[in-house]
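Chemist: I have a structure here, written as structure tokens, and I will follow up with some questions on it.
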Amino acid sequence: MAASTKAVALFKRTLALSPPRGPGQRCSSSPLPLPGGRRRGGSRLLLQGAPPGACPASPRFQQPVSPLLCPQDALSDGLQTCYRYLNQTSRSFAAVIQALDGELRNAVCIFYLVLRALDTVEDDMTINLETKVPMLHDFHSYLYQPDWRYMESKEKDKQVLEDFPTISLEFRNLAKVYRDVIADICHKMGAGMAEFLEKKVDTQHEWDKYCHYVAGLVGIGLSRLFSASELEDLIVGQDTELANSMGLFLQKTNIIRDYLEDQLEGREFWPREVWSRYAKKLSDLAKPENIDVAVQCMNELITNALHHIPDVLTYLSRLKNQSVFNFCAIPQVMAIATLAACYNNKQVFRGLVKIRKGQAVTLMMDATNIQAVKAIMYQYVEEIYRKVPNTDPSSNKTQQIIVSIRTMSLPNGVEVSRNHYSPIYLSCAMLLAALSWQYLSAMSKASEEYVQASEN
């Protein structure tokens, strides 16, 4: 697709998100940039990850057939309602959907709404456990019950439960290959959520297990949808270990970054096996007198998360569709940039650590092919390497995994340039930067207000 067409498509979809046609009616769109919201609980992390950037497609990727946007009236009433709910519950994810080609868009939209409904049940503290646990276990079966709905939720996203018949109808209208994936992931995630309702994360194995339930399964489900759409090879959906690592890397990054926010809201996701070596209680790490050991604890967890990067790079190297690559790659480069900002940084225990707005825009524009992503990974692990204190208990392990990532990122020892932009692309990039800056400013303001409110 020409860069000029992409710029026009980007601008149009930024003003009004227009959902795609139904299955079989293929029409394409270029990526829309806007990073997602913060992680709460349940399945929300991965599904609100940073979306693709608006950038020229790499020559190695398959390109969509048509550059035309899909009109709103091409959708059934039910699908229009689903996209409205998608836009209401996560505007950033509604934007991400527009970057996916063909019928995959509708499948991912329904996948998101089903998991959002499941997550709303898990998050609703007004539902007693006697009711909630069976609901979580049985939720996948509600997809095949045309009249099932739940009218007693007090959560802000309750509309996805109150009008679940519309969502389940559009689920049943999907091709069987998509239905099977969505129902299976919903079943497994519901069981995992029920398991961790009253269970804290003790061991590192349980940390991996929790992250698998709330994010790894999302990565596995998306990968299976990619393969089912035939936009990607079967191996992408079959290799669940790599897909799981994609989700775990994102989830662990957010858990590490959000330590203080989770403490303020009474949530604990850091594994006891790790933090108990540094403090008697997890909350003690926020005390000023414990800042040095708190940073050491965090560095150990970051080192744990870095071990997923080789799987991430292998996974991304298998992708051949540009829209799918962008969809998957941008959250991963945002994650490594976040870990680099957090590593050995005392600010994690004092306030919000975030990527600079210009830095986020650059990452969204750059991560369009595997070589560029490898170069980005190399850049940020080198940044971490330079900050590793000799006195840190995890320093040797941190340096060892970074050496492995360095070798995998640049096997020939030559860094790949990330900047080869044409004039028309730079014009598109300027528009992207302006839109992204506006969005990120709003997100930053909201986050700062939230932290201030919590402190008061």
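The values are calculated or read from the model by the stated rules, or taken from the named source; none is laboratory data. Not measured: the values here are computed from a predicted model. Positions of Cβ are backbone-derived with ideal geometry, glycine not excepted, and every protein chain shown enters the neighbour counts. These accessible areas exclude ligands, DNA and RNA; they are computed on the full protein's heavy atoms, side chains included. Shrake-Rupley method; radii C 1.70, N 1.55, O 1.52, S 1.80 Å.
Chemist: Within the stretch 275-289, track down each residue that is part of a helix (DSSP H, G or I) and surrounded by 19 or more Cβ atoms within 10 Å (Cβ to Cβ).
Modeler: First pass over the stretch 275-289, keeping only residues part of a helix (DSSP H, G or I): 275, 282-286, 288-289.
Within the stretch 275-289, 275, 282, 285 meet the criteria.
Residue-by-condition table, conditions (1) over 21 Å from residue 102 (Cβ atoms); (2) open to solvent by 20 Å² or more (accessible area, probe 1.4 Å):
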position	(1), (2)
182	no, no
194	yes, no
200	yes, yes
208	yes, yes
212	yes, yes
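Chemist: In this structure, does residue 231 turn out to be in contact with a strand residue (DSSP E or B) (Cβ under 9 Å, 6 or more places away or on another chain) and modelled with pLDDT of 95 or more? Talk me through it step by step, then tell me what you get.
Modeler: Values: in contact with a strand residue (DSSP E or B) (Cβ under 9 Å, 6 or more places away or on another chain): yes; modelled with pLDDT of 95 or more: yes.
Against the criterion (in contact with a strand residue (DSSP E or B) (Cβ under 9 Å, 6 or more places away or on another chain) and modelled with pLDDT of 95 or more), residue 231 qualifies.
Chemist: When both residues are 6+ apart or on different chains and their Cβ atoms are under 7 Å apart, which pairs have a first residue that lies in the stretch 382-410 and is within 25 Å of residue 294 (Cβ to Cβ) and aromatic (Phe, Trp, Tyr), and a second that is open to solvent by less than 60 Å² (accessible area, probe 1.4 Å) and modelled with pLDDT of 95 or more?
Modeler: From the stretch 382-410, the pairs are 385/399; 385/402.
Chemist: Select, from 269, 249, the only residue that is among the aromatic types (Phe, Trp, Tyr) and closer than 30 Å to residue 101 by Cβ.
Modeler: Details: 269 fails: closer than 30 Å to residue 101 by Cβ.
Of 269, 249, the one residue that is among the aromatic types (Phe, Trp, Tyr) and closer than 30 Å to residue 101 by Cβ is 249.
Chemist: Considering only the stretch 110-131, state which residues are of a type in the set (Ser, Thr, Tyr), open to solvent by 60 Å² or more (accessible area, probe 1.4 Å) and either out of contact with any Lys or Arg (no Cβ under 6 Å at 6 or more places or on another chain) or within 19 Å of residue 180 (Cα to Cα) (or both).
Modeler: Step one: of the stretch 110-131, the residues of a type in the set (Ser, Thr, Tyr) are 112, 120, 126, 131.
Remaining after also requiring open to solvent by 60 Å² or more (accessible area, probe 1.4 Å): 126.
Correct list: empty.
Chemist: Taking the criterion of being open to solvent by 50 Å² or more (accessible area, probe 1.4 Å) and either farther than 15 Å from residue 113 by Cα or among the small types (Gly, Ala, Ser) (or both), would at least one residue in the stretch 155-168 satisfy it?
Modeler: No, the stretch 155-168 has no match at all.
Chemist: Follow-up question, since we're still on this one. Condition first: small (Gly, Ala, Ser) and under 16 Å from residue 122 (Cα atoms). Can you find one or more residues in the stretch 200-216 that meet it?
Modeler: Kept after step one, since they are small (Gly, Ala, Ser), are these residues of the stretch 200-216: 215-216.
Pick out the ones that are also under 16 Å from residue 122 (Cα atoms) and you get 215.
Yes: one or more hits.
Chemist: Cβ-Cβ below 6 Å, separation at least six or inter-chain, first residue in the stretch 278-302 and within 15 Å of residue 391 (Cβ to Cβ), second of a type in the set (Lys, Arg) and surrounded by fewer than 19 Cβ atoms within 10 Å (Cβ to Cβ): which pairs?
Modeler: 291/346; 295/346
Chemist: Applying the selection to the stretch 369-402, what residues are of a type outside the set (Val, Ile, Thr), open to solvent by less than 20 Å² (accessible area, probe 1.4 Å) and either modelled with pLDDT under 95 or under 17 Å from residue 307 (Cβ atoms) (or both)?
Modeler: So in the stretch 369-402, the residues of a type outside the set (Val, Ile, Thr) come out as 369, 371-372, 374-375, 377-380, 382-383, 385-387, 389-390, 392-397, 399-400.
Next, only the ones that are open to solvent by less than 20 Å² (accessible area, probe 1.4 Å) stay: 372, 375, 377, 380, 392, 394-395.
Matches in the stretch 369-402: 377, 380, 392, 394, 395.
Chemist: Being in contact (Cβ under 8 Å) with a residue 60 or more places away in the chain and open to solvent by 50 Å² or more (accessible area, probe 1.4 Å) is the filter here, so list the residues in the stretch 171-180 that pass it. Write out each step before concluding.
Modeler: Initial filter on the stretch 171-180 (in contact (Cβ under 8 Å) with a residue 60 or more places away in the chain): 171, 173-175, 178.
Correct list: 173 only.
Chemist: State all residues of the stretch 315-361 that are among the hydroxyl-bearing types (Ser, Thr, Tyr) and within 18 Å of the chain's Cα centre (by Cα); if no residue qualifies, say none.
Modeler: First, the residues of the stretch 315-361 that are among the hydroxyl-bearing types (Ser, Thr, Tyr): 315, 317, 323, 338, 343.
Within the stretch 315-361, 315, 323, 338 qualify.
Chemist: Based on what the data block shows, is residue 356 without any contact (Cβ under 8 Å) to a residue 24 or more places away in the chain, closer than 18 Å to residue 254 by Cα and among the basic types (Lys, Arg)? Quick ask: steps written out before the conclusion?
Modeler: Working: without any contact (Cβ under 8 Å) to a residue 24 or more places away in the chain: yes; closer than 18 Å to residue 254 by Cα: yes; among the basic types (Lys, Arg): yes.
For residue 356, the condition - without any contact (Cβ under 8 Å) to a residue 24 or more places away in the chain, closer than 18 Å to residue 254 by Cα and among the basic types (Lys, Arg) - is met.
Chemist: Within the stretch 234-269, work out how many residues are aromatic (Phe, Trp, Tyr) and assigned to a helix (DSSP H, G or I).
Modeler: Filtering the stretch 234-269 down to residues aromatic (Phe, Trp, Tyr) leaves 249, 259, 269.
With the extra rule that they be assigned to a helix (DSSP H, G or I), the set shrinks to 249, 259.
Adding up the residues that qualify gives 2.
Chemist: May I pose another question? Here are some conditions: (1) at pLDDT 95 or above; (2) closer than 30 Å to residue 289 by Cα; (3) in contact with a Leu (Cβ under 8 Å, 6 or more places away or on another chain). Residue 268 meets all but one. Which one does it not meet?
Modeler: (1)
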